[in-house]
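Working notes, beginning with the structure itself.
Taken together, the values in this text are just the output of simple stated rules run on the coordinates, not laboratory data. Computed from a predicted model, the values in this text were never measured in an experiment. Glycine also receives a Cβ, built like all others from the backbone with ideal geometry; neighbour counts cover every protein chain displayed.
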């Protein structure tokens, strides 16, 4: 059962004048209405790209274009918006078909991310860029305790490769140990192997995420080891 939309608006700190606009932003195409949230998602994606870009431009005044682009890419993506959507329990409010709901739709990262973009697009249409900025940046700051270049964008795989090449003269291998869970909530366990020795394992909702987490653990281990 879909929750009362009033509670979502209180969480966002914004009350829609046009409730139909909010409903459209929350309507998945599977719900079979004359409208769905894909157009608002398209708009919200562009708006969030600008809002986050300006925020980073002002926050990191000495950073160059390359660093700003990387840090924005780490925030403006499916994983980033999925995290923000979950922080406001957005999945509880989305209009889905019974089939999509039974297939775990309310937990799908892509669906949650798209709905978040659509809601931001709807707020932009009704209240403008400043209101989107106020809401989106507040959520980003609440869900990223330390907003810095290191914490938001750190390629641990590259760091580990540099370390292992310098120390061992080789690059690390990443081996899939297992994968489990339904398709909409898959988890992968990977291990980092250097010279046939396992250094770390990690679990992530994608192989890429698990690799980065395993590499991070291996980097910490190698830095703590005596050369």
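Between 0 and 90 degrees, rounded to the nearest ten: what's the tilt of helix 129-143 against the longest Cα principal axis of the chain?
40
Can you give the relative contact order of the chain as a percent, counting alpha carbon pairs under 8 Å and 6+ residues apart?
18
Please rank 189, 162, 65, 24, fewest neighbouring Cβ atoms within 10 Å first, as an exposure proxy.
Going from least to most buried by this count: 65, 162, 189, 24.
Angle, helix 38-59 long axis vs. longest principal axis of the chain, Cα atoms, 0 to 90°, nearest 10?
Between helix and principal axis, roughly 60 degrees.
Mean residue ellipticity at 222 nm from the helices of the chain, using -39,500 (n - 2.57) per DSSP H segment of n ≥ 4 over the full residue count, to the nearest 500 deg cm²/dmol? Mind showing how you got there, number by number?
Working: 11 runs with 131 residues, N = 227.
That calculation yields -18000 deg cm²/dmol at 222 nm.
Can you sort 209, 71 so the residue with the fewest Cβ neighbours within 10 Å comes first?
Values: 209 16, 71 22.
Starting with the residue having the fewest Cβ neighbours, the order is 209, 71.
Need the C-alpha centroid separation for the range 34-49 versus the range 152-227, integer Å.
35
Label residue 201 and residue 170 with points 7 Å out from Cα along Cα→Cβ: what is the distance between them in nm?
2.1
Each label point is 7 Å from the Cα along the Cα-to-Cβ direction; what then is the distance between the points at residue 220 and residue 187, in nm?
Each label point is offset 7 Å from its Cα along the Cβ direction, giving 1.8 nm.
Relative to the longest principal axis of the C-alpha atoms of the chain, give the angle of the C-alpha long axis of helix 156-167, reported between 0 and 90° and rounded to the nearest 10°.
10
Say R0 is 25 Å: what FRET efficiency, to the nearest 0.05, do residue 141 and residue 209 get from their beta-carbon distance? Kindly include the intermediate steps, with their values, before the conclusion.
Details: r = 22 Å, r/R0 = 0.89.
Computed FRET efficiency for residue 141 and residue 209: 0.65.
In nm, what is the difference between 0.36 nm times the number of residues separating residue 130 and residue 162 and their Cα-Cα distance? Don't skip to the end; give the middle numbers.
Details: separation 32, 0.36 × 32 = 11.52 nm, distance 4.24 nm.
Using 0.36 nm per residue and subtracting the Cα-Cα distance, I get 7.3 nm.
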